[in-house]
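Enquirer: Sharing a structure below in structure tokens format, with a few things to ask.
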Amino acid sequence: MSLAVKAVGIRKSFGSHEVLKGLDLEVAYGEVLCILGPSGSGKSTFLRCINHLETPNGGYVWVDGAIMGYELNRGALQELPVKRLRAQQSQLGMVFQHFNLFAHRTVLGNVIEGPMVVRGLSRDEAEARAMGLLEQVGMAAKASSYPSQLSGGQKQRVAIARALAMEPRVMLFDEPTSALDPELVGEVLEVMRNLARGGTTMIVVTHEIGFAREVADRVVVMIDGEIREMGAPQQVLSDPGDPRVRSFLSRVLA
Amino acid sequence: MPHLPHSSPAALPLIDLPGPDVTVRRLRHPGRWVSGGIVLLLLAVIGRAFAVGQIQWTVVGQFLTAGVIVTGFGWTVLISACALALGVALGFAFGIMRLSENPILRFAAWLYVWVFRGTPVLLQLLIWFNIALVFPRLYIPGLIDERMVDVVTPFVAAVLGLGVNEGSYLTEVVRGGIGSVDRGQKEAAHTLGMTPGQTMRRIILPQTVRLILPVLGNSAIGMLKFSSLAATIAMGEMLNAAQRIYFINGAVIELLFVCAVWYLAGTTVLSIGQYYLERHFGRDAATATSDRRGFWAWARRPAARGEA
């Protein structure tokens, strides 16, 4: 399997607080990787460093043949102009905990925004493809609704369609079900399960241990800004070697 | 659970409980009738005082549609519209600059607000009107070479004075509006690959406009009234026209009342326009006026904020 993402020595500090302490990670095409860990362990920050929503203080991320935000120039990393960084970022679809749908656009307007503005697709073509994606996440009937008229689960399914519309190489999910009412979690996980079955490469920061066990090819457990455990879900979730990982899992599985 | 002490006068035995269809009598509010009556009485007294006072109402009626007054009102509207357009343009330009990554641009915007919000608008009008004393000629190589007095007519001075002043207030409004658009909107745009310019134009500003629309409505109403200050720099808008008439015929209060009627008419029309504009932009049900209760319910709503 060829590599899609390779993170090398990612460090990130906010003020004097070191959130990420040098993380390495490789994700292959077609793989589903779940990142677990207690609150404050830095897993969301790590995900945001992968697509450069946060600029790492050290290390770099390689995505499909290019280093995010930089260009290798005579052995040094030369920072890219913002336009080229954005082009790279559009290769990574991002789904946020709080959906972040454009409040002034309809469901359809949200999904066609990227393809029209960034890719330069015509409205007709963008809308035709958007309707296909909305069909896929079960939201086609709500195409002309505004985000404020949707439930959390519906918003998140639209957000997934919006990210998919850019045809990203990798989909990143930042706690996609954490802001949802319990009865709405299932519909979002179902969409994600279908994506995984379809071979989408996914990095998922989540608290849903059940989802990780069922869908993930590999699971990473982060504690205090470090990767403490990495491997197949059965192995990591049932028999973690690290005592702190064991204590975290016993708390969330209890 | 311990029983809380309470002071019910007499226990109501279960046997005395009425059926489910029992009549409910609402509490009377005699105080409301009294206070309402007092206010009505006061209004009547004030109304009568003006009716029998030394005002020739026929003169008011006569000048209400006089050509000079109507033309003056036309100028009032034109000055207000131009100054508001200038103010909005400057407000957005400097408001975006206030949030720039470049500290020099941020400083320039701060300086603009500091100077023009920190001095009286009447003073600014007088300075614009007399700007030729500082710069006798306006000379931009290849573009323009004129005497300043020919360029900065009273109309231009009024628009510049009112517009540049309004822009300094709107700069802060726009800055606040942009700041209150959720940060996630920007992040979502970035992850789709939108450049900072595209994000600002397509995602942030449309939502900012919606947020600050009530303030812009207040600005338009305020501008219509502040344009009367242009009377002091010999601009022939409505108040100036009225003054020129009463200097001759002595009907001071009558002509001032004529102006009051026109200003009230103008601000009323603007209020109605503001209502429909807010409703239009409130399509996503984010603003308070989008619930289709109609204009009058909106007009009687509690004031949310003072005028800028």
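Enquirer: Right, A:GLU187: assigned to a helix (DSSP H, G or I) and either buried (at least 17 other Cβ atoms within 10 Å of the Cβ) or touching a residue at least 60 places away in the same chain (Cβ under 8 Å) (or both) or not?
Expert: Here the answer is yes, as A:GLU187 does meet what is asked.
Enquirer: Out of (1) touching a Phe, Trp or Tyr at 6+ places or on another chain (Cβ under 6 Å); (2) under 18 Å from A:LEU47 (Cα atoms), the odd one out for A:LEU189 is which?
Expert: Single failed check for A:LEU189: (2).
Enquirer: Among the residues of the stretch B:166-188, count how many are within 8 Å of another protein chain (Cβ to nearest Cβ) and either part of a helix (DSSP H, G or I) or buried (at least 19 other Cβ atoms within 10 Å of the Cβ) (or both).
Expert: Adding up the residues that qualify gives 4.
Enquirer: Can you name every one of the helices (runs of 4 or more DSSP H) wholly within the stretch B:205-285 that holds 1 or more residues which are surrounded by fewer than 19 Cβ atoms within 10 Å (Cβ to Cβ) and modelled with pLDDT under 90?
Expert: Counting at least 1 such residues, we get B:205-226, B:252-281.
Enquirer: Could you check the stretch A:60-82 and list, in sequence order, the residues that are farther than 15 Å from A:CYS49 by Cα and of a type in the set (Val, Ile, Thr)?
Expert: The answer is A:VAL82, and nothing else.
Enquirer: Mind checking which pairs have a first residue in the stretch B:27-40 that is surrounded by 10 or more Cβ atoms within 10 Å (Cβ to Cβ) and modelled with pLDDT of 95 or more and a second that is assigned to a helix (DSSP H, G or I) and among the aromatic types (Phe, Trp, Tyr), Cβ under 8 Å, 6 or more apart or different chains?
Expert: none
Enquirer: Being of a type outside the set (Gly, Ala, Ser), in a loop (DSSP other than H, G, I, E, B) and either surrounded by 15 or more Cβ atoms within 10 Å (Cβ to Cβ) or within 14 Å of the chain's Cα centre (by Cα) (or both) is the filter here; which residues of the stretch A:168-184 pass it? Let's see the steps before the verdict.
Expert: If we filter the stretch A:168-184 for residues that are of a type outside the set (Gly, Ala, Ser), which is where we start, we get A:168-177, A:180-184.
With the extra rule that they be in a loop (DSSP other than H, G, I, E, B), the set shrinks to A:168-169, A:175-177, A:180-181.
Result: A:PRO168, A:ARG169, A:GLU175, A:PRO176, A:THR177, A:LEU180.
Enquirer: Taking the criterion of being of a type outside the set (Ser, Thr, Tyr), surrounded by fewer than 23 Cβ atoms within 10 Å (Cβ to Cβ) and over 29 Å from A:VAL63 (Cα atoms), would at least one residue in the stretch A:80-93 satisfy it?
Expert: No: the stretch A:80-93 contains no residue that is of a type outside the set (Ser, Thr, Tyr), surrounded by fewer than 23 Cβ atoms within 10 Å (Cβ to Cβ) and over 29 Å from A:VAL63 (Cα atoms).
Enquirer: Also, I was wondering about something else. Would you confirm whether any residue within the stretch B:117-137 is of a type in the set (Phe, Trp, Tyr) and within 25 Å of B:LEU213 (Cβ to Cβ)?
Expert: For the stretch B:117-137, residues of a type in the set (Phe, Trp, Tyr) and within 25 Å of B:LEU213 (Cβ to Cβ): absent.
Enquirer: Something else now. Would you be able to tell me the number of residues in the stretch A:43-70 that are free of Cβ contacts under 8 Å to residues at least 12 places away in the same chain and surrounded by fewer than 17 Cβ atoms within 10 Å (Cβ to Cβ)?
Expert: 1
Enquirer: Still on this model: Could you figure out which of (1) under 30 Å from A:GLY120 (Cα atoms); (2) more than 10 Å from chain A (Cβ to nearest Cβ) isn't true of B:VAL159?
Expert: (1) is the only condition that B:VAL159 fails.
Here is a yes/no grid of residues against (1) crowded, with 23+ Cβ neighbours inside 10 Å; (2) more than 7 Å from chain B (Cβ to nearest Cβ); (3) under 19 Å from A:PRO168 (Cβ atoms); (4) not basic (Lys, Arg):
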{"residue": "A:PHE96", "(1), (2), (3), (4)": "yes, no, yes, yes"}
{"residue": "A:ASN100", "(1), (2), (3), (4)": "yes, no, yes, yes"}
{"residue": "A:VAL111", "(1), (2), (3), (4)": "yes, yes, yes, yes"}
{"residue": "A:GLY120", "(1), (2), (3), (4)": "no, yes, yes, yes"}
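Enquirer: Is there any pair with a first residue in the stretch A:159-183 that is within 25 Å of A:GLY40 (Cα to Cα) and a second that is basic (Lys, Arg) and surrounded by 21 or more Cβ atoms within 10 Å (Cβ to Cβ) whose Cβ atoms are under 8 Å apart and which are 6 or more apart or on different chains, and what are they?
Expert: A:ASP174/A:ARG48
Enquirer: In the stretch A:135-167, what residues are more than 23 Å from A:LEU121 (Cβ to Cβ), within 13 Å of chain B (Cβ to nearest Cβ) and buried (at least 18 other Cβ atoms within 10 Å of the Cβ)?
Expert: Within the stretch A:135-167, A:LEU150, A:LYS155, A:GLN156 meet the criteria.
Enquirer: For the stretch B:99-116, how many residues are within 23 Å of the chain's Cα centre (by Cα) and at pLDDT below 95?
Expert: So the answer is 0.
Enquirer: Would you mind telling me which numbered condition in (1) among the β-branched types (Val, Ile, Thr); (2) surrounded by 22 or more Cβ atoms within 10 Å (Cβ to Cβ); (3) within 14 Å of chain A (Cβ to nearest Cβ) B:THR199 fails?
Expert: Only one criterion is unmet by B:THR199, namely (2).
Enquirer: In the set B:ARG183, B:ARG137, which member is closer than 30 Å to A:ASN110 by Cβ and not β-branched (Val, Ile, Thr)?
Expert: Details: B:ARG137 fails: closer than 30 Å to A:ASN110 by Cβ.
Sole residue among the options that is closer than 30 Å to A:ASN110 by Cβ and not β-branched (Val, Ile, Thr): B:ARG183.
Enquirer: Please specify each residue of the stretch B:59-85 satisfying the condition of being over 14 Å from B:ALA230 (Cβ atoms) and assigned to a helix (DSSP H, G or I).
Expert: Hits for the stretch B:59-85 are B:VAL59, B:VAL60, B:GLY61, B:GLN62, B:PHE63, B:LEU64, B:GLY67, B:VAL68, B:ILE69, B:VAL70, B:THR71, B:ALA85.
Enquirer: Across the stretch A:9-35, which residue is surrounded by the fewest Cβ atoms within 10 Å (Cβ to Cβ) among those that are among the hydrophobic types (A, V, I, L, M, F, W, C) and over 13 Å from the mean Cα position of the chain (by Cα)?
Expert: A:PHE14
Enquirer: Considering only the stretch A:31-88, state which residues are out of contact with any strand residue (DSSP E or B) (no Cβ under 6 Å at 6 or more places or on another chain), more than 13 Å from every other protein chain (Cβ to nearest Cβ) and among the small types (Gly, Ala, Ser).
Expert: Answer for the stretch A:31-88, where residues must be out of contact with any strand residue (DSSP E or B) (no Cβ under 6 Å at 6 or more places or on another chain), more than 13 Å from every other protein chain (Cβ to nearest Cβ) and among the small types (Gly, Ala, Ser): A:SER39, A:GLY40, A:GLY65, A:ALA66, A:GLY75, A:ALA76.
Enquirer: When you look at B:LEU133, is it more than 24 Å from A:HIS98 (Cα to Cα) and either among the hydrophobic types (A, V, I, L, M, F, W, C) or at pLDDT 95 or above (or both), yes or no?
Expert: Yes.
Enquirer: Which ranges mark the strands (runs of 3 or more DSSP E) fully within the stretch A:1-109 that have 2 or more residues being under 27 Å from A:LEU133 (Cβ atoms)?
Expert: Because the criterion is at least 2 residues that are under 27 Å from A:LEU133 (Cβ atoms), the strands (runs of 3 or more DSSP E) in the stretch A:1-109 that meet it are A:3-14, A:17-28, A:32-36, A:58-63, A:92-95.
The values are calculated or read from the model by the stated rules, or taken from the named source; none is laboratory data. These figures come from a predicted structure and were not determined experimentally. Neighbour counts are summed over all protein chains in view; Cβ atoms, including those assigned to glycine, are modelled from backbone coordinates with ideal geometry.
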